[in-house]
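The values are calculated or read from the model by the stated rules, or taken from the named source; none is laboratory data. None of the values given here were measured: they were computed from a predicted structure. Counting neighbours? That spans all protein chains shown, and the Cβs are built from the backbone with ideal geometry, glycine included.
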């Protein structure tokens, strides 16, 4: 079968076992991962249509009759493959805390106020050039129980499908200049400093809307197709 | 290394953004041949993962979605309604037995875990290249059990009878 073959992502993602993140200790598999060859199931992905997206899914400041509190921001960027090819019509889902650093979630009970006008959830499809855009509120930092006086840096959770199961990605976008980043074990679990930098959005004056909202740009780079049709195969010959 | 966006954990609050009302249905309810796959997720201490999300993907279900997504309940349980996919050739021309790819997301996992559901009593399982690449003692963790109304596929993240997870 003539199937695309996606490049590997060695040394890109955090390690499977990373005990500095306490919840990892009982959940990380202890057996080595088995290499799964990329066949039809792995090089295809679900396709979502515009009917997946509701009218206010891309604007988290307009999901209720009144506006949420906090700094209004635009978060936009492109979903691209590593060779620069855009990923069009792919579903991008986000969720985040409100301006006070509180999630609208039953297990988040730290004493910061909920905002009745903020769900914290959004979704969008990328356009033909792979571009997406959300209008939302700058999320706050919040404490967590990982270690003494632990605080998560402000972040927005992102979920992206891409065009292949191999490209499926859930990650977090951070903000430039956040003093909590060097202290955060989740951020620091990324092995390469360049990878960490890719998760920090860029302040974007050119998309900042006068008298309205600051803009941050966040591109998401997924594994691209390998240019050679040959797979090494040595590690999973059968 | 190539510049690629690294993974981060889905965290404890994934329910804000990811579950869908009809997420469990990889095929529409009432589809001929539809089956229900259920199972529980447990950690290294045998405790239920009540804050995880299971996604399933299979090719060959088109024009139906072929994609299922279910958050786990208090008991660590999930449920997907789908059909058993057909056998399909791999890129080398060998036959892959019917299988469904699974992605597991949860707090504590910095990267999602990938596994596969195979079905019991399928002749092609004996020659499936992926199953054959796995230690026979662990192969059984990838084969669902037949139960009334469908199949059972538990996912043990760690410890005794740890599920086989893949690097894609």
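Remarks
- Any hit, segment B:131-150, residues being within 14 Å of chain A (Cβ to nearest Cβ), in a strand (DSSP E or B), touching a helix residue (DSSP H, G or I) at 6+ places or on another chain (Cβ under 7 Å) and surrounded by 19 or more Cβ atoms within 10 Å (Cβ to Cβ): no
- Evaluation of residue A:215 against (1) over 23 Å from residue B:11 (Cα atoms); (2) surrounded by 20 or more Cβ atoms within 10 Å (Cβ to Cβ); (3) within 14 Å of another protein chain (Cβ to nearest Cβ) (one fails), failing number: (3)
- Lone unmet requirement of (1) in contact with a helix residue (DSSP H, G or I) (Cβ under 9 Å, 6 or more places away or on another chain); (2) within 27 Å of residue A:194 (Cα to Cα); (3) touching a residue at least 60 places away in the same chain (Cβ under 8 Å); (4) within 12 Å of another protein chain (Cβ to nearest Cβ) for residue A:17: (3)
- Residue A:198 at pLDDT 95 or above, in contact with a helix residue (DSSP H, G or I) (Cβ under 7 Å, 6 or more places away or on another chain) and closer than 30 Å to residue A:4 by Cβ: no
- When residue A:84 is tested against the conditions (1) facing chain B (nearest Cβ under 9 Å); (2) on the phi > 0 side of the Ramachandran plot, the lone failure is (1).
- Identity of the residue in segment A:39-77, farther than 25 Å from residue B:20 by Cβ and more than 7 Å from chain B (Cβ to nearest Cβ), that ends up surrounded by the most Cβ atoms within 10 Å (Cβ to Cβ): A:73
- Extreme residue, farthest from the chain's Cα centre (by Cα), among residues of segment B:67-94 that are part of a loop (DSSP other than H, G, I, E, B), on the phi < 0 side of the Ramachandran plot and at the interface with another protein chain (Cβ under 9 Å from one of its Cβ atoms): B:92
- Residue within segment A:165-186 that is in contact with a helix residue (DSSP H, G or I) (Cβ under 7 Å, 6 or more places away or on another chain) and in contact (Cβ under 8 Å) with a residue 60 or more places away in the chain present: no
- Candidates A:139, A:176, filtered to the one that is away from every other protein chain (no Cβ under 12 Å), within 16 Å of the chain's Cα centre (by Cα) and in a loop (DSSP other than H, G, I, E, B): A:176
- For segment A:60-87, the tally of residues that are within 30 Å of residue A:163 (Cβ to Cβ) and outside any loop (DSSP other than H, G, I, E, B) stands at 10.
- Residue A:4 vs. criteria closer than 22 Å to residue B:129 by Cβ, more than 7 Å from chain B (Cβ to nearest Cβ) and in a loop (DSSP other than H, G, I, E, B): yes
- Residue list for segment B:151-168, restricted to those being modelled with pLDDT of 95 or more, more than 10 Å from chain A (Cβ to nearest Cβ) and surrounded by fewer than 18 Cβ atoms within 10 Å (Cβ to Cβ): B:152, B:154, B:161
- Residue count for segment B:11-46, restricted to those that are at the interface with chain A (Cβ under 9 Å from one of its Cβ atoms), part of a loop (DSSP other than H, G, I, E, B) and without any contact (Cβ under 8 Å) to a residue 12 or more places away in the chain: 2
- Of the residues making up segment A:181-202, those that are more than 13 Å from residue A:221 (Cα to Cα), assigned to a loop (DSSP other than H, G, I, E, B) and at the interface with another protein chain (Cβ under 7 Å from one of its Cβ atoms) number 3.
- All of A:61, A:56, A:41 fail the test of being under 25 Å from residue A:219 (Cβ atoms) and in contact (Cβ under 8 Å) with a residue 40 or more places away in the chain, apart from A:61.
- Set side by side, the residues B:64, B:8 differ, and just one is within 12 Å of chain A (Cβ to nearest Cβ), at negative phi, at pLDDT 95 or above and assigned to a loop (DSSP other than H, G, I, E, B), which is B:8.
- When segment B:95-124 is filtered for residues that are more than 8 Å from chain A (Cβ to nearest Cβ) and either over 30 Å from residue A:2 (Cβ atoms) or not in a strand (DSSP E or B) (or both), the ones remaining, listed by number, are B:97, B:98, B:104, B:119, B:120, B:121, B:122, B:123, B:124.
- Segment A:22-37: number of residues that are in a loop (DSSP other than H, G, I, E, B) and either in contact with a strand residue (DSSP E or B) (Cβ under 6 Å, 6 or more places away or on another chain) or over 19 Å from residue B:103 (Cβ atoms) (or both): 5
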